[in-house]
2 protein chains.
Amino acid sequence: MTSGLRDAGDVRRWDEECDVAVLGLGAAGAAAALEAGRAGADTLVLERAGGGGGTSAMSGGVLYLGGGTALQRACGFEDSPEAMFAYLMASSGESPDEAKMRLYCEGSVAHYDWLVEQGVPFKPVFYHGCSGEPPTDDGLVWSGSERVHPFCEIAAPAPRGHVPKMEHQAGPLLMQTLCQAVEKSPARIATNHRGVALVQERDGRIAGLVAESFGEERAIRARRGVVLTTGGFINDDEMIAAHQPLVRRCSFRVGAEGDDGSGIRLGMAAGAAAIHMDAASISLPVTQPWGLKRGILIDASGQRFISEDSYYGRLGEWALFHHDGRAWLVVDDAVFEKPEYPREVAAVGETPAELERELRLPEGSLEATLSLYNRHAERGCDPVFHKSGEYVQPLVKPPFGAFDCTTEGSLYAAFTLGGLRTDVDGRVQDVAGEVIPGLFGAGRATSGLAVGSYSSGLSLGDGTFFGRRAGRCAARG
Amino acid sequence: MTSGLRDAGDVRRWDEECDVAVLGLGAAGAAAALEAGRAGADTLVLERAGGGGGTSAMSGGVLYLGGGTALQRACGFEDSPEAMFAYLMASSGESPDEAKMRLYCEGSVAHYDWLVEQGVPFKPVFYHGCSGEPPTDDGLVWSGSERVHPFCEIAAPAPRGHVPKMEHQAGPLLMQTLCQAVEKSPARIATNHRGVALVQERDGRIAGLVAESFGEERAIRARRGVVLTTGGFINDDEMIAAHQPLVRRCSFRVGAEGDDGSGIRLGMAAGAAAIHMDAASISLPVTQPWGLKRGILIDASGQRFISEDSYYGRLGEWALFHHDGRAWLVVDDAVFEKPEYPREVAAVGETPAELERELRLPEGSLEATLSLYNRHAERGCDPVFHKSGEYVQPLVKPPFGAFDCTTEGSLYAAFTLGGLRTDVDGRVQDVAGEVIPGLFGAGRATSGLAVGSYSSGLSLGDGTFFGRRAGRCAARG
């Protein structure tokens, strides 16, 4: 057997038994455990750390939900599952999973209610500020590119970032609440247990797993199924080199220590397919405060490459994957503001030509770019990249300046989006597209809704939504 | 067991036995079989088609070799393994395999001699024309971006496309020769045998495989090893959707029917890792004849995005992966030539502004791009994208025209580069990085030298080179 896989015939005795074993207590694992338990399955949650939370607890806690949730309505916003579906299909990378997307949008209102039932508090106040992760305890926020071309023409925009009621960073509150719900549920939790192998029957069925706890291996029988909710692989250097080498240029890897791809590898050792392994969320929150969207983003050829009012998950992906990871935000004195995140002022010049020279850009390149931009901006429009008129004004007031957005040390935050291939019920599929009996997955150990061009809240959203479905399906055995 | 994998304990009898089974008789398979046989192993080659050749026989037959081969010297070119290594490391995508690359460059001169020993003829004449696949029977050709910025500053350029002596398309001759060599060797060939499963021992070792021939399954024991040389996955829609959805926009998939990823999936079912599955060769031979490099390539924002004298493997990748798959070649009357491949003339205009309107580009965008380009071109330089001076001249003579390079029906040719992870001896590694005993791979079923930004001849080059190594290593058992 491959490492990471044991033959059931070699397991001499089971140290523990359950119906459903959930590996990893982040948001997806909590959701899976709650639903498996509610369905009557004897559920055991194994977590490698000393306590639950994982990367979800380190996050901003935003959940991308919509279609007319109670929170959206309380804040005075209209939305529909159709609009949400149209936006997500258009904005979430090439070839997102349409079946998952449709279920997710149709079930989003009820999923919000379920989160509230678990005790997650949301303050029914819309945040007017400029971040996908508000510094206030407000509950609803823009967390994607809904109002940006071309998406605003494809679907009626609505804010869909649902944020638990906590100032600055709501991930800890979200996970505290979900973990407490699991503790109160019939599910058992075993911390300091790290999965080291799946156990497979001769007929291919996953019969359980082997976990390591304080140096000792324990064989755990899972009569109905194992649910892998172990997170992504941003912290595994070898997998990053093999699947998304460009991400090594990012200065900040978003993920708990456990995001080392271990569960993805366990699944693959059992024959599971992993898909969209090159997909990542690359955040470049360079236009915060939002007034900075009045500047222009340029690459090393001195050219613009994207509408600057795009969400920062889109800005980062374009800069890193399509423009060699180099980007500057160019401003004039009229639109200059201090950026929210520390940014190096790369150069200042009294004229565009001087700024261009200081940045060592090709002669005439920035001048030509600014000249074309200003020509249209005088009429309040941007026909080249379609930035919204509210952020379009000529950049003409000296001095001119440029922030370097992508040097080492810039907040250029990355996490992985690809993983095990699952169906809409979390059943893990093998490389031939067949279900591996007894094996389930959810969250960033799987390929979920977004396969690119990230909107904030999609990972906690699909992790909890499809985690619940995986838990229910596993409980059925 | 997962589909594609059988437990050795379930094999009641072996229908056939050998030391080394090679699955797939393309260039990599032929090389593996020749070396395994020469090393004294009883070698059986299984090919799903009615005869050998595979995708290699449909190719241009170019092998990327260098470092001072007899052919390079006969044509009057100097080269060194160091220069070849520096070029390939810089040009072959993000994070190519350095160990493979170094061995390949150091062993390239001897590998050329080996090909000649097998009977592959090369005419010691350099082809001065403009294709990586010459229409003549000349033996040496430019087949990459060696003379293009930034590579020409990184390494001394040398032509490294080695082409068997055959007009128009040398792949059939290459494969005819190699297949004849296999036939004359001790290796046995079984056509109409398609691999449907690997057979694995309880300890993880690959003991053989199951092949299907005319509807019947045959269990084939391979005492020392199985070598997977089954090709890439360009013809498997599901794998393409999962790993490189953008490639679906290409009009031409380069690959024999057998390039359906079957061998990659067999390996993965046995726990093998697959890496760089998003990497592809995307050819856009739009600047042929080479005089068309005097035009400029623009994307849908009316901006240039690459040096037009880049090799067509690089042009295609940039257009598809980084510029939404949209590109036009803009020419004036002075540089207009009939393209070698049929191209639709998308628009003609008496002025750049008229052409821009006809192409429905953003107002002023193409004008600004041409204006900046011409300003530098008057001095014979291109500081923005560093096109070589020989292709730089102002585009000022009306009428102006644009070829659409990327619409449906354009020759926008794609094949996959990612696959099973192997070490330098072709040993397939599992997802934990450990070798799967008895399992080997080479050619496009594996991730090889190039993981992007393709130079022609790298696949036949690494397929034969590492195919030989895999065959020798498998023969050692």
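Testing B:Glu94 on (1) modelled with pLDDT under 95; (2) under 30 Å from B:Glu212 (Cβ atoms), one condition comes back false. Which one is that?
Of (1) modelled with pLDDT under 95; (2) under 30 Å from B:Glu212 (Cβ atoms), only one is false for B:Glu94: (2).
Taking the criterion of being in contact with a strand residue (DSSP E or B) (Cβ under 6 Å, 6 or more places away or on another chain), open to solvent by less than 30 Å² (accessible area, probe 1.4 Å) and assigned to a strand (DSSP E or B), would at least one residue in the range B:56-63 satisfy it?
The first filter runs over the range B:56-63 and keeps only residues in contact with a strand residue (DSSP E or B) (Cβ under 6 Å, 6 or more places away or on another chain), leaving B:62-63.
Cutting the leftovers down to open to solvent by less than 30 Å² (accessible area, probe 1.4 Å) gives us B:62-63.
Cutting the leftovers down to assigned to a strand (DSSP E or B) gives us B:63.
Checking the range B:56-63: at least one residue is in contact with a strand residue (DSSP E or B) (Cβ under 6 Å, 6 or more places away or on another chain), open to solvent by less than 30 Å² (accessible area, probe 1.4 Å) and assigned to a strand (DSSP E or B).
For A:Thr230, which of the numbered conditions (1) away from chain B (no Cβ under 14 Å); (2) open to solvent by 10 Å² or more (accessible area, probe 1.4 Å); (3) within 22 Å of A:Gly467 (Cα to Cα) fails to hold?
Unmet for A:Thr230, out of (1) away from chain B (no Cβ under 14 Å); (2) open to solvent by 10 Å² or more (accessible area, probe 1.4 Å); (3) within 22 Å of A:Gly467 (Cα to Cα): (1).
Please indicate, with yes or no, whether at least one residue in the range A:298-314 is in contact (Cβ under 8 Å) with a residue 60 or more places away in the chain and surrounded by fewer than 20 Cβ atoms within 10 Å (Cβ to Cβ).
yes
What do you reckon, is A:Arg314 away from every other protein chain (no Cβ under 14 Å), over 24 Å from B:Tyr373 (Cα atoms) and not acidic (Asp, Glu)?
On the way: away from every other protein chain (no Cβ under 14 Å): no; over 24 Å from B:Tyr373 (Cα atoms): yes; not acidic (Asp, Glu): yes.
So A:Arg314 fails the test.
When you look at B:Glu354, is it of a type outside the set (Val, Ile, Thr), more than 25 Å from the chain's Cα centre (by Cα) and assigned to a loop (DSSP other than H, G, I, E, B), yes or no?
Values: of a type outside the set (Val, Ile, Thr): yes; more than 25 Å from the chain's Cα centre (by Cα): yes; assigned to a loop (DSSP other than H, G, I, E, B): no.
No; evaluated as a whole, the condition is false for this residue.
For the range B:270-282, how many residues meet the condition of being more than 8 Å from chain A (Cβ to nearest Cβ) and either more than 25 Å from B:Gly457 (Cα to Cα) or surrounded by fewer than 24 Cβ atoms within 10 Å (Cβ to Cβ) (or both)?
1
So which residues in the range A:130-143 are assigned to a loop (DSSP other than H, G, I, E, B) and either surrounded by 23 or more Cβ atoms within 10 Å (Cβ to Cβ) or in contact (Cβ under 8 Å) with a residue 40 or more places away in the chain (or both), if there are any at all? First the steps, then the outcome.
Just the residues of the range A:130-143 that are assigned to a loop (DSSP other than H, G, I, E, B), to begin with: A:130-139, A:142-143.
Result: A:Cys130, A:Ser131, A:Gly132, A:Glu133, A:Pro134, A:Gly139, A:Trp142, A:Ser143.
Just to check your reading of the model, which residue among A:Thr464, A:Thr406 is out of contact with any Leu (no Cβ under 6 Å at 6 or more places or on another chain), among the β-branched types (Val, Ile, Thr) and within 22 Å of A:Ala32 (Cα to Cα)?
Being out of contact with any Leu (no Cβ under 6 Å at 6 or more places or on another chain), among the β-branched types (Val, Ile, Thr) and within 22 Å of A:Ala32 (Cα to Cα) holds for just one of A:Thr464, A:Thr406, which is A:Thr464.
Being open to solvent by 20 Å² or more (accessible area, probe 1.4 Å), hydrophobic (A, V, I, L, M, F, W, C), more than 30 Å from B:Ala197 (Cα to Cα) and away from chain A (no Cβ under 14 Å), is that true of even one residue in the range B:283-297?
yes
So, in the range B:431-449, of the ones that are buried (at least 24 other Cβ atoms within 10 Å of the Cβ) and modelled with pLDDT under 95, which residue ends up nearest to B:Leu65 (Cα to Cα)?
B:Gly448
Could you pull out the residue among A:Gly204, A:Gly171, A:Gly195, A:Gly161 that is of a type outside the set (Lys, Arg), within 14 Å of chain B (Cβ to nearest Cβ) and in contact with a Gly (Cβ under 7 Å, 6 or more places away or on another chain)?
Of A:Gly204, A:Gly171, A:Gly195, A:Gly161, the one residue that is of a type outside the set (Lys, Arg), within 14 Å of chain B (Cβ to nearest Cβ) and in contact with a Gly (Cβ under 7 Å, 6 or more places away or on another chain) is A:Gly195.
Identify all residues within the range A:373-388 that are at the interface with chain B (Cβ under 8 Å from one of its Cβ atoms) and surrounded by fewer than 19 Cβ atoms within 10 Å (Cβ to Cβ); write none if there are none.
Once the filter is applied, which keeps residues that are at the interface with chain B (Cβ under 8 Å from one of its Cβ atoms) and surrounded by fewer than 19 Cβ atoms within 10 Å (Cβ to Cβ), the range A:373-388 yields A:Arg375, A:Pro383.
Among the residues of the range B:333-362, write down those that are in contact with a helix residue (DSSP H, G or I) (Cβ under 8 Å, 6 or more places away or on another chain) and basic (Lys, Arg).
Passing the criteria: none in range.
I need every pair where a residue in the range A:324-336 that is open to solvent by 10 Å² or more (accessible area, probe 1.4 Å) has its Cβ under 6 Å from the Cβ of a residue that is among the small types (Gly, Ala, Ser) and modelled with pLDDT of 95 or more, sequence separation at least 6 or different chains.
Qualifying pairs under 6 Å: A:Arg326/A:Ala300; A:Trp328/A:Ala402.
Return the residues of the range B:77-96 that are of a type in the set (S, T, N, Q), within 14 Å of chain A (Cβ to nearest Cβ) and surrounded by fewer than 21 Cβ atoms within 10 Å (Cβ to Cβ); say none if nothing qualifies.
B:Ser95
Residue by residue, here is whether (1) over 27 Å from A:Met101 (Cα atoms); (2) within 14 Å of chain B (Cβ to nearest Cβ) holds:
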| position | (1), (2) |
| --- | --- |
| A:Ser371 | yes, yes |
| A:Ser410 | yes, no |
| A:Leu417 | no, yes |
| A:Arg421 | no, yes |
| A:Asp425 | no, no |
| A:Val431 | no, yes |
| A:Ser447 | no, yes |
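Consider A:Ala347 against the criteria (1) within 11 Å of chain B (Cβ to nearest Cβ); (2) buried (at least 20 other Cβ atoms within 10 Å of the Cβ): it satisfies all of them except one. Which criterion is unmet?
All conditions pass for A:Ala347, except number (1).
Say we look at the range B:396-408 and pick out the residues that are under 34 Å from the mean Cα position of the chain (by Cα) and surrounded by 21 or more Cβ atoms within 10 Å (Cβ to Cβ); which of these is nearest to the other protein chains (Cβ to nearest Cβ)?
Once the filter is applied, the top-ranked residue is B:Thr406.
Could you grab me the full set of residues in the range A:4-41 that are open to solvent by less than 10 Å² (accessible area, probe 1.4 Å), more than 27 Å from B:Ala269 (Cβ to Cβ) and in a strand (DSSP E or B)?
Within the range A:4-41, just A:Cys18 meets the criteria.
When the residues of the range A:244-255 are filtered to those that are open to solvent by 20 Å² or more (accessible area, probe 1.4 Å) and not small (Gly, Ala, Ser), which remaining residue is nearest to A:His323 (Cα to Cα)? Walk me through how you get there before you give the answer.
Within the range A:244-255, the first condition is being open to solvent by 20 Å² or more (accessible area, probe 1.4 Å), and the residues that meet it are A:246, A:248-249, A:251-254.
From the residues that got through so far, the ones that are not small (Gly, Ala, Ser) too are A:246, A:248-249, A:252-254.
On the way: A:Leu246: 11, A:Arg248: 15, A:Arg249: 13, A:Phe252: 19, A:Arg253: 20, A:Val254: 22 Å.
Checking each candidate, the answer is A:Leu246.
Please count how many residues of the range B:361-391 are within 35 Å of the chain's Cα centre (by Cα), under 22 Å from B:Ala300 (Cα atoms) and hydrophobic (A, V, I, L, M, F, W, C).
Counting residues in the range B:361-391 that are within 35 Å of the chain's Cα centre (by Cα), under 22 Å from B:Ala300 (Cα atoms) and hydrophobic (A, V, I, L, M, F, W, C) gives 5.
In the range B:256-269, is there at least one residue being at pLDDT 95 or above, open to solvent by less than 10 Å² (accessible area, probe 1.4 Å) and farther than 17 Å from B:Ala28 by Cβ?
Looking for residues that are at pLDDT 95 or above, open to solvent by less than 10 Å² (accessible area, probe 1.4 Å) and farther than 17 Å from B:Ala28 by Cβ, one finds none in the range B:256-269, hence no.
In the set B:Glu367, B:Glu358, B:Glu354, B:Glu340, which member is surrounded by 14 or more Cβ atoms within 10 Å (Cβ to Cβ) and facing chain A (nearest Cβ under 10 Å)?
None of the other options fit; the residue is B:Glu367.
The values are calculated or read from the model by the stated rules, or taken from the named source; none is laboratory data. What you see is a predicted model; the values in this text were computed from it and never measured. Positions of Cβ are backbone-derived with ideal geometry, glycine not excepted, and every protein chain shown enters the neighbour counts. Quick note on the areas: whole protein, heavy atoms, side chains included, nothing else; ligands and nucleic acids left out. Shrake-Rupley method; radii C 1.70, N 1.55, O 1.52, S 1.80 Å.
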